[in-house]
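Okay, structure first, notes after.
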Amino acid sequence: MKNLVIDIGNSRIKSALFAGDELLDESVFDDLEQGVAVWSGLTFQKCMVSSVRFPKAELETKLPFPVEFLNASTPIPLVNGYDTPASLGLDRLAAALGAWHLASRKAALAIDLGTCVTYDLVDQKGVYRGGAISPGLKMRAKAMHVFTASLPEIELGSAPGSLLGTSTDSCLKIGVWAGLNFELKGFIEAYRVNFPEISIYLCGGDAESFDSLAKDHIFVVPNLVLIGLNCILNHHVA
């Protein structure tokens with residue numbers, strides 16, 4: 001059976017076609033109309049959508065095929081230990097499930113480096129334990145401009161090679177990049193205190209910028225949310 005899964009995030013729309021657990025194809029779109037033009041030409045039996053940008057009612061009018069919408073009551077192969085499950089971002093849940101699946105159902109941490117950075121942990125018993133949320137790269141850079149009187153809004157570019165800025169722009173750039181890099185390392189180290197064998201999976205638009213972290217059970221998997229959505233769809237259908 002072929003599944004189409006669609007992840008509509010704040011900035012981009014990503015989709016993938018699966019046969020069982022096998023990834024056949026994936027795409028990235030800037031707007032929904034581009035996606036619909038491609039998806040309408042695919043052959044699939046089931047489709048699941050996770051959206052943080054468009055409400056369900058709007059998508060029902062724009063998607064010309066039957067869709068399962070991921071929501072807080074959708075059956076999943078995890079125990080949700082979040083205190084407020086209705087407020088849990090569905091992309092966070094899908095990323096956590098994707099990480100747990102890739103870790104062969106052992107303890108896993110999903111870190112999604114998008115508009116915000118989200119940390120989501122599943123323990124070895126298959127319980128989603130929660131995590132943390134912090135500003136992403138672009139948000140950090142913009143915030144220092146918006147909330148001060150004179151600091152400029154910088155172009156992020158690539159990560160600087162030094163921690164010593166010699167201009168305001170370079171100091172801001174180092175603060176943004178190095179700040180998030182140290183944050184990631186700090187969170188990973190802290191989670192490993194209680195979960196020493198945990199596997200960590202990085203995803204999101206900025207994940208590949210931190211691929212230097214990819215060692216010691218740390219992996220960069222850009223399509224992690226899509227893998228999680230496919231797991232949920234297979235479980236839901238079953």
- Task: Report yes if ALA96 is aliphatic (A, V, I, L, M), under 24 Å from PHE182 (Cα atoms), assigned to a helix (DSSP H, G or I) and touching a strand residue (DSSP E or B) at 6+ places or on another chain (Cβ under 7 Å), otherwise no.
- Result: yes
- With respect to the numbered conditions (1) crowded, with 16+ Cβ neighbours inside 10 Å; (2) more than 18 Å from the chain's Cα centre (by Cα); (3) touching a residue at least 40 places away in the same chain (Cβ under 8 Å), which one is the sole condition not fulfilled by GLY81? (1)
- Query: Can you tell me which residue in the stretch 192-228 is nearest to CYS116 (Cα to Cα), limited to those that are in contact with a Lys or Arg (Cβ under 8 Å, 6 or more places away or on another chain) and crowded, with 17+ Cβ neighbours inside 10 Å?
  - Reply: GLY205
- Message: Can you tell me which residue is surrounded by the most Cβ atoms within 10 Å (Cβ to Cβ) among those in the stretch 172-191 that are hydrophobic (A, V, I, L, M, F, W, C) and without any contact (Cβ under 8 Å) to a residue 24 or more places away in the chain?
- Response: ILE174
- If you check every pair at least six apart or on different chains, which have Cβ atoms under 7 Å apart with a residue in the stretch 120-144 that is on the phi > 0 side of the Ramachandran plot first and a residue that is surrounded by 16 or more Cβ atoms within 10 Å (Cβ to Cβ) and in a loop (DSSP other than H, G, I, E, B) second? GLY126/LEU78; GLY130/TYR82
- Message: Just to check your reading of the model, which residue among SER162, SER158, SER209 is more than 30 Å from LEU24 (Cβ to Cβ) and either among the charged types (D, E, K, R) or in contact (Cβ under 8 Å) with a residue 40 or more places away in the chain (or both)?
- Response: SER158
- Note on the structure: Scanning the stretch 147-162 for residues that are exposed (fewer than 10 other Cβ atoms within 10 Å of the Cβ) and not hydroxyl-bearing (Ser, Thr, Tyr), the one nearest to the chain's Cα centre (by Cα) turns out to be GLY157
- Consider ALA57 carefully, then state whether it is under 17 Å from ASP206 (Cβ atoms) and part of a helix (DSSP H, G or I). no
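Going by what's in this entry, would ALA103 be described as surrounded by 15 or more Cβ atoms within 10 Å (Cβ to Cβ) and out of contact with any Leu (no Cβ under 6 Å at 6 or more places or on another chain)?
Numbers: surrounded by 15 or more Cβ atoms within 10 Å (Cβ to Cβ): yes; out of contact with any Leu (no Cβ under 6 Å at 6 or more places or on another chain): yes.
Considered against the rule, which asks whether it is surrounded by 15 or more Cβ atoms within 10 Å (Cβ to Cβ) and out of contact with any Leu (no Cβ under 6 Å at 6 or more places or on another chain), ALA103 comes out as yes.
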- Residues located in the stretch 12-55, provided they are of a type in the set (Ser, Thr, Tyr), closer than 20 Å to ALA95 by Cβ and in contact with a Lys or Arg (Cβ under 9 Å, 6 or more places away or on another chain): SER27
- Task: For the stretch 1-48, enumerate the residues that are within 27 Å of VAL117 (Cβ to Cβ), out of contact with any Asp or Glu (no Cβ under 8 Å at 6 or more places or on another chain), surrounded by 20 or more Cβ atoms within 10 Å (Cβ to Cβ) and of a type outside the set (Val, Ile, Thr).
- Result: PHE18, GLY35
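We did not get these values from a lab; they are worked out from the coordinates using the rules stated. Predicted model, so just to flag it, every value in this text is computed and none were measured. For neighbour counting, all protein chains shown are included, and Cβ atoms are generated from backbone atoms with ideal geometry for every residue, glycine included.
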